[in-house]
Amino acid sequence: MQCQLVYSMTPVPSSTASQPNTLGIIAPLQVTKMAASMVEKLMEKKAVTYTAAVVGVCATTYLIYKKIGGDTGFRTSITKLGNTGSLAREDFAAGIDAYNEFFQQSDGKGVGERKFNTPKFVDTFYSLITDFYEYGWGQSFHFAPRDKGESFDESIWRHEERIADQIKAGAGMHILDAGCGVGGPMRTIAKHSGANVTGITINEYQVGRCTEENKKAGLDTLCNIVQGSFLEMPFPANSFDGCYCIEAACHAPVLAELYKEIFKVLKPGAHFASYEWLTTPLYDSNNAEHVRIVDDIAEGNALPDVRSIPAALAAAKEAGFEVVFHGDYALGADIPWEQAMKTARRAAFLTDVLTKWMERFGLAPRGTWATHQMLLRAAEALERSGDLGIFTPMYLVTLRKPM
Ligand SMILES: C[S@@+](CC[C@H](N)C(=O)[O-])C[C@H]1O[C@@H](n2cnc3c(N)ncnc32)[C@H](O)[C@@H]1O
Ligand SMILES: *[C@@H]1O[C@H](CO)[C@@H](O)[C@H](O)[C@H]1NC(C)=O
């Protein structure tokens with residue numbers, strides 16, 4: 001079945017009040033005076049004034065942040081900002097430097113032949129940004145179209161349940177989540193379908209976070225996670241009743257190679273569905289702004305390049321799949337996917353100030369601010385791409401391994 005919707009440009013839019021003195025020795029007034037002079041003395045000490053100012057600024061920032069961050073602002077504790085994923089604290093700065101150097105893209109053609117080193121840098125990327133994502137977005141690292149009257153979380157869950165339904169996930173089935181992040185989708189899908197879900201991620205830190213959250217949700221019997229590359233699946237052939245991939249196939253250096261690996265581990269007749277990051281027919285490779293936006297999306301999200309819809313369908317066929325359905329869920333949404341990114345980025349402006357200062361005071365490792373800057377550039381490019389309609393992070397392809 002073909003997507004029925006048509007692409008079009010949418011201009012998206014203290015009181016020092018005295019305690020009763022039980023002994024009656026010191027009059028209330030004296031207590032007040034003593035307290036006031038103590039505070040004065042304390043304030044003479046620079047360190048105290050300084051600390052009071054920092055605490056004040058942080059508290060105010062926090063309140064503003066909560067207010068303007070809306071649905072997506074500040075979802076975990078601020079202390080998470082000082083975490084370093086699976087990188088040693090002192091390796092964090094080198095991590096972001098190496099990352100930025102590797103993903104330098106400037107002609108819309110991706111990283112070229114260097115693409116085969118991508119998995120290593122994708123791993124670095126997720127060590128750098130997993131906490132930021134959890135902090136500013138939640139446990140599901142993907143976008144979703146949103147209906148009027150629906151909350152951000154509800155839209156995320158609906159998007160996850162849709163992909164589970166596409167592969168007909170149900171109780172007793174064994175499903176693979178290729179590129180599972182910290183497992184937000186896996187938990188939704190196990191609850192929704194009753195299926196046993198195994199996730200794979202290249203990033204060790206995500207394995208720890210996911211395991212923790214699976215236990216917390218009481219889903220550790222149905223949900224499992226392994227560390228490894230989906231380009232070399234550590235599973236026997238013909239072992240899964242279905243597979244889904246949410247905004248993760250975009251990290252594969254060669255899409256057909258990933259699809260072939262998934263094809264291999266699926267049982268004959270089983271379905272595979274993926275939300276792909278692709279350019280749309282509105283993308284014009286001769287338009288300098290389009291090219292810059294797509295390069296920025298790739299650089300800020302650890303992508304070797306950004307592929308087109310026909311390229312993704314060709315990869316599916318090359319791997320041996322039958323195409324059951326394909327279409328773009330970015331089209332026709334009440335609230336477009338990039339809207340949440342805009343809200344998150346407003347809040348991220350303050351995170352930017354925070355990370356800069358936390359880094360200066362040694363509360364966050366060196367490189368934290370640079371990492372956040374990289375994410376801000378990515379966010380801006382994603383928003384713009386959505387407004388122009390030249391890119392989609394939710395082109396759904398549903399495929400089937402022939403009997
Ligand atoms: C944008 S996140 C999406 C995560 C998850 N699907 C979700 O929606 O929350 C992309 C995920 O793909 C994983 N990934 C990228 N390249 C991989 C590879 N070669 N092998 C396994 N996982 C990979 C990353 O570790 C990350 O967890
Ligand atoms: C789910 O699958 C894993 C991996 O095969 C297995 O260890 C676990 O026991 C299964 N859980 C259930 C509830 O079937």
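The values are calculated or read from the model by the stated rules, or taken from the named source; none is laboratory data. Everything quoted here is computed from the prediction, not taken from an experiment. Every residue, glycine among them, receives a Cβ derived from its backbone with ideal geometry; neighbour counts consider all protein chains shown.
The C-beta contact set for the range 213-234 (first residue of a type in the set (Phe, Trp, Tyr), second residue within 14 Å of ligand 2 (Cβ to nearest atom) and outside any loop (DSSP other than H, G, I, E, B), distance under 9 angstrom, 6+ apart or interchain) comprises Phe230/Leu176; Phe230/Ile200.
For the range 179-204, filtered to residues that are within 11 Å of ligand 1 (Cβ to nearest atom), part of a helix (DSSP H, G or I) and over 14 Å from the mean Cα position of the chain (by Cα), the residue that is modelled with the lowest pLDDT is Glu204.
Of all residues in the range 300-318, one or more are assigned to a helix (DSSP H, G or I), within 25 Å of Leu128 (Cα to Cα) and at pLDDT below 95. Among residues that are farther than 19 Å from Arg400 by Cα, assigned to a strand (DSSP E or B) and within 14 Å of ligand 2 (Cβ to nearest atom), Asn214 is not included. Count of the range 42-68 residues, restricted to those that are modelled with pLDDT of 80 or more and either part of a helix (DSSP H, G or I) or outside the structural domain of Arg346 (by TED's automatic domain parsing) (or both), is 14. Of the residues making up the range 285-299, just one is modelled with pLDDT under 95 and among the small types (Gly, Ala, Ser), namely Ala298.
Candidates in the range 284-304 are the residues that are in contact with a helix residue (DSSP H, G or I) (Cβ under 6 Å, 6 or more places away or on another chain) and either surrounded by 15 or more Cβ atoms within 10 Å (Cβ to Cβ) or among the hydrophobic types (A, V, I, L, M, F, W, C) (or both); of these, the one that is farthest from Ser127 (Cα to Cα) is Ile293. Pairs are defined by a Cβ separation below 6 Å, a sequence spacing of at least 6 or placement on different chains, a first member in the range 290-312 that is within 19 Å of Tyr99 (Cβ to Cβ) and assigned by TED's automatic domain parsing to the domain that holds Ala256, and a second member that is of a type in the set (A, V, I, L, M, F, W, C) and not in a helix (DSSP H, G or I); the pairs so defined are Val294/Val306; Ala298/Val306; Glu299/Phe103; Pro304/Val111. Among the residues of the range 217-249, those that are surrounded by 24 or more Cβ atoms within 10 Å (Cβ to Cβ) and away from ligand 2 (no atom under 15 Å from the Cβ) comprise Phe230, Tyr244, Cys245, Ile246, Ala248.
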